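The values are calculated or read from the model by the stated rules, or taken from the named source; none is laboratory data. These numbers come from a predicted model, not from an experiment. Cβ placement follows ideal geometry from the backbone for every residue including glycine, while neighbour counts extend to all protein chains displayed. Surface accessibility is based on the protein's heavy atoms, side chains included, excluding ligands, DNA and RNA. Shrake-Rupley method; radii C 1.70, N 1.55, O 1.52, S 1.80 Å.
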Amino acid sequence: MSRIGKSVITLPKGVSIDVSKGNLVKIKGPMGELMEQIDPDIKVNEEEGKVTLVRPTEQKRHKSMHGLYNALVRNMVEGVSKGYTKELELVGVGYRAANAGNLLELALGYSHPIMFYVPDEIKVEAVMEKGKNPIIKLGGTDLQLLGQIAAKIRAFRKPEPYKGKGVRFVGEEIRRKAGKTASK
């Protein structure tokens, strides 16, 4: 992780960073603002649009924290400048998705529809086209929250290996298994 920690983070135009007491890092950009509490041992330096993180010693703990916080700050910078998107695909007969604002309604083959409220920081859109699988598009600035919400939605009906039905990420490959063979 130390090689990741040593890399320099370049701030794009319109993105500013503020490190307050207690190592609270605030990053503002055109798409919003994110905050992260950094370990007190790691020092954050910002000079002329470049951010570097410095660790005090070569201990294993400091090396791992160095890489972790460098990756988190890098993700925050990219999130407030460009944003992140994830797409989920519903594969199965009768599987549907609809949204009213941030309330997502899923029909995934259960006896009841699943109502899931997506946090306000995440934008959600359900796309239903005739002849294609329904797609749920999630977008936001916080990669950690976006991945957690996407994983939660996927957990409602994980893709199964025999028919491939379930909720999966767009482009995700499901390893298929052969079913039982008929005797004679």
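Only one residue in 97, 126 is closer than 22 Å to residue 163 by Cβ and assigned to a strand (DSSP E or B). Which one?
97
Taking the range 79-120 as the region of interest, how many residues are surrounded by 19 or more Cβ atoms within 10 Å (Cβ to Cβ), without any contact (Cβ under 8 Å) to a residue 40 or more places away in the chain and more than 25 Å from residue 173 (Cβ to Cβ)?
1
Quickly run through the range 44-67 and pick out the residues that are open to solvent by 70 Å² or more (accessible area, probe 1.4 Å), under 21 Å from residue 11 (Cα atoms) and not in a strand (DSSP E or B).
Across the range 44-67, the qualifying residue is only 48.
Among all residue pairs at least 6 apart or on different chains, which show Cβ distances below 6 Å where the first residue, located in the range 30-41, is without any contact (Cβ under 8 Å) to a residue 60 or more places away in the chain and the second is assigned to a loop (DSSP other than H, G, I, E, B) and not aromatic (Phe, Trp, Tyr)?
Hits for this filter: 30/14; 38/23; 40/23; 41/56.
Check the range 165-176 and report whether any residue there is open to solvent by less than 30 Å² (accessible area, probe 1.4 Å), more than 15 Å from residue 108 (Cα to Cα), aliphatic (A, V, I, L, M) and out of contact with any helix residue (DSSP H, G or I) (no Cβ under 8 Å at 6 or more places or on another chain). Steps first, answer last, please.
The first filter runs over the range 165-176 and keeps only residues open to solvent by less than 30 Å² (accessible area, probe 1.4 Å), leaving 166-167.
Restricting the remaining residues to those that are more than 15 Å from residue 108 (Cα to Cα) gives none.
Checked the range 165-176: no residue is open to solvent by less than 30 Å² (accessible area, probe 1.4 Å), more than 15 Å from residue 108 (Cα to Cα), aliphatic (A, V, I, L, M) and out of contact with any helix residue (DSSP H, G or I) (no Cβ under 8 Å at 6 or more places or on another chain).
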